[in-house]
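One structure follows; several queries about it will come next.
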Amino acid sequence: MGVAGPFPYAERPPGPVLDRDEADRALARLGAEHEAIETSLLALQDHAGRRLLEGADLTGVTEERWAATEQSITLLWGYFEAYTGTLSRARAVRARRRHPNRDDLVALTDLLRGQSVTVAHAAGRPTPSITGPAKLSERFTLEELVARMNDLYARSLDMVVASDSVWSALPARIDLLAAELHRTRSLAHSAGVRPGEHPAGDELEAITEELATLRVQVVSDPLAFWLSGPGSSAPGGGRPDTTRYDRAARALEDVRREIEAVLAVRQDAEQRLGRLRDVLSRADRTLTEARTARGEVLAKIAATEVPAVSGPATALQEQLALASEYRRHARWHRLSPLLEALEREAEEELLRARESLTAVTAPLAVRAELRGRLDAYRAKVARHGLAEDPLLIERYDVARRMLWSAPCDLRVAAQAVRRYQETAAELLAQPRTSGPEDGR
């Protein structure tokens with residue numbers, strides 16, 4: 001937020017006693033340093049994060065660190081006043097005469113390089129955790145004092161910037177998510193999704209509690225949601241920890257999609273129920289056809305195992321009636337999973353009915369195949385002029401009587417057809433003698 005960086009260090013020129021030019025350069029450098037320090041301290045004083053920290057009801061780690069930071073800021077101003085006083089004394093010594101004598105230069109050297117700064121802690125002692133062991137007063141060189149101020153300033157600025165970053169990032173995002181949560185709750189209510197009746201309703205309640213708790217904690221203890229950057233020594237190096245916020249946002253998105261799916265059920269419920277009735281009706285008709293075919297097979301085919309045919313799917317019909325009841329009472333959250341299950345089970349029921357019909361009518365299909373094979377071979381031998389062969393006529397009649405009589409023994413009929421095929425094949429393989437016309 002436009003806060004100046006760390007204060008510059010004073011440079012120690014060579015030699016035990018400064019000459020006039022060195023003293024003038026050191027004073028100019030210290031004057032610029034004084035302005036930089038003052039600018040940084042004023043910027044820290046006016047930092048929005050610091051003002052928020054002063055007026056906030058803090059808890060946890062933020063409360064502890066802010067108490068220490070307030071002491072650090074107080075010390076910074078005390079150090080700055082001591083630094084200003086020493087600089088003023090050095091300027092006064094230099095202003096005595098245009099060309100300072102040796103006593104003036106020795107005094108300037110002592111002020112600028114020696115432990116000329118005394119800081120008394122009468123108003124409030126620094127805690128050992130901030131400046132080491134507590135003392136009534138401390139003496140510093142100007143360089144040591146700047147180093148001390150740099151350290152306190154960096155830690156104070158880091159705490160202020162981190163808190164401000166969390167407050168700038170998370171509460172606004174939590175409020176936006178809470179507004180989206182409110183809209184989702186209204187949508188859920190219209191879809192009949194309520195706590196205790198649907199898992200999505202319970203999840204909405206949990207998200208509501210989590211967001212309320214999260215916002216209170218972020219406002220009172222922002223540093224608990226701050227992740228320091230690895231290896232970063234710059235003040236404010238890191239980022240807000242949004243793990244809990246992101247988890248709540250993902251959970252809300254999942255609930256919203258589920259509610260939209262429930263609402264989609266409301267729009268096409270009647271059409272889906274109609275398709276379900278049609279599928280179950282076809283399955284019933286197929287089972288009825290299979291039962292009729294089974295009776296026909298048992299009457300026309302002998303010595304054959306015919307599988308039993310199951311009855312109508314009464315359980316599915318009951319569930320279909322329950323789905324219609326849910327639709328009439330607008331219980332969309334209950335209708336949605338029931339329709340999905342019914343659609344899957346109805347297709348499976350239709351498939352089972354068709355497989356049952358195929359299994360029941362298999363003997364009739366075998367008989368039809370044998371009849372077709374027998375007639376095909378008879379036509380073949382007729383094309384070759386063997387239709388009047390007595391043996392073929394005899395074996396054809398035997399096979400035909402078996403296939404066109406009831407009940408038909410498929411095993412014996414198949415043997416008869418095979419004998420007719422073999423006889424026809426033998427006769428067709430024999431060489432034909434040429435008649436008179438062939439000779440001509």
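The values are calculated or read from the model by the stated rules, or taken from the named source; none is laboratory data. Remember, predicted model here, so these are calculated numbers, not experimental data. Cβ atoms come from the backbone with ideal geometry, glycine included; neighbour counts cover every protein chain shown. Side chains included, ligands, DNA and RNA excluded: accessible areas come from the protein's heavy atoms. Shrake-Rupley method; radii C 1.70, N 1.55, O 1.52, S 1.80 Å.
This table checks each residue for (1) at pLDDT 80 or above; (2) touching a Phe, Trp or Tyr at 6+ places or on another chain (Cβ under 7 Å); (3) over 18 Å from Ile301 (Cβ atoms).
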position: Gly372; (1), (2), (3): yes, no, no
position: Asp375; (1), (2), (3): yes, no, yes
position: Arg378; (1), (2), (3): yes, yes, yes
position: Ala382; (1), (2), (3): yes, no, yes
position: Gly385; (1), (2), (3): no, no, yes
position: Glu394; (1), (2), (3): yes, no, yes
position: Pro407; (1), (2), (3): yes, no, no
position: Gln421; (1), (2), (3): yes, yes, yes
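Moving to a separate point now. Please go through the range 252-276 and give me each residue that is surrounded by fewer than 16 Cβ atoms within 10 Å (Cβ to Cβ) and within 22 Å of the chain's Cα centre (by Cα), ordered by number. Explain how you work it out, then say what you get.
First, pick out the residues of the range 252-276 that are surrounded by fewer than 16 Cβ atoms within 10 Å (Cβ to Cβ): 253-254, 257, 260, 264, 267-268, 270-271, 274-275.
Passing the criteria: Glu253, Asp254, Arg257, Glu260.
I'd like to verify a number: residues in the range 310-349 that are open to solvent by 30 Å² or more (accessible area, probe 1.4 Å), part of a loop (DSSP other than H, G, I, E, B) and either touching a Lys or Arg at 6+ places or on another chain (Cβ under 6 Å) or at negative phi (or both), how many?
Of the residues in the range 310-349, 5 are open to solvent by 30 Å² or more (accessible area, probe 1.4 Å), part of a loop (DSSP other than H, G, I, E, B) and either touching a Lys or Arg at 6+ places or on another chain (Cβ under 6 Å) or at negative phi (or both).
I need every pair where a residue in the range 192-218 that is of a type in the set (Ser, Thr, Tyr) has its Cβ under 6 Å from the Cβ of a residue that is crowded, with 17+ Cβ neighbours inside 10 Å, sequence separation at least 6 or different chains.
As it stands, the answer is none, since no pair meets every condition given.
Open to solvent by less than 60 Å² (accessible area, probe 1.4 Å) and either aromatic (Phe, Trp, Tyr) or over 30 Å from Tyr326 (Cα atoms) (or both) - does that describe any residue in the range 185-201?
No, there is no match, as no residue in the range 185-201 is open to solvent by less than 60 Å² (accessible area, probe 1.4 Å) and either aromatic (Phe, Trp, Tyr) or over 30 Å from Tyr326 (Cα atoms) (or both).
Kindly provide the set of residues from the range 72-122 that are small (Gly, Ala, Ser), open to solvent by less than 40 Å² (accessible area, probe 1.4 Å) and either in a strand (DSSP E or B) or at pLDDT below 75 (or both), ordered by number.
In the first step, residues of the range 72-122 are kept if they are small (Gly, Ala, Ser); the result is 72, 78, 82, 85, 88, 90, 92, 95, 107, 114, 116, 120, 122.
From what is left, the residues that are open to solvent by less than 40 Å² (accessible area, probe 1.4 Å) are 72, 78, 82, 85, 90, 107, 114, 116.
Of everything in the range 72-122, those that are small (Gly, Ala, Ser), open to solvent by less than 40 Å² (accessible area, probe 1.4 Å) and either in a strand (DSSP E or B) or at pLDDT below 75 (or both) turn out to be Gly114, Ser116.
Checking Glu35 against (1) part of a helix (DSSP H, G or I); (2) open to solvent by less than 30 Å² (accessible area, probe 1.4 Å), which test does it fail?
Failed condition: (2).
Tell me, please, whether a residue that is modelled with pLDDT of 80 or more, more than 30 Å from Leu276 (Cβ to Cβ) and touching a strand residue (DSSP E or B) at 6+ places or on another chain (Cβ under 7 Å) can be found in the range 352-363.
yes
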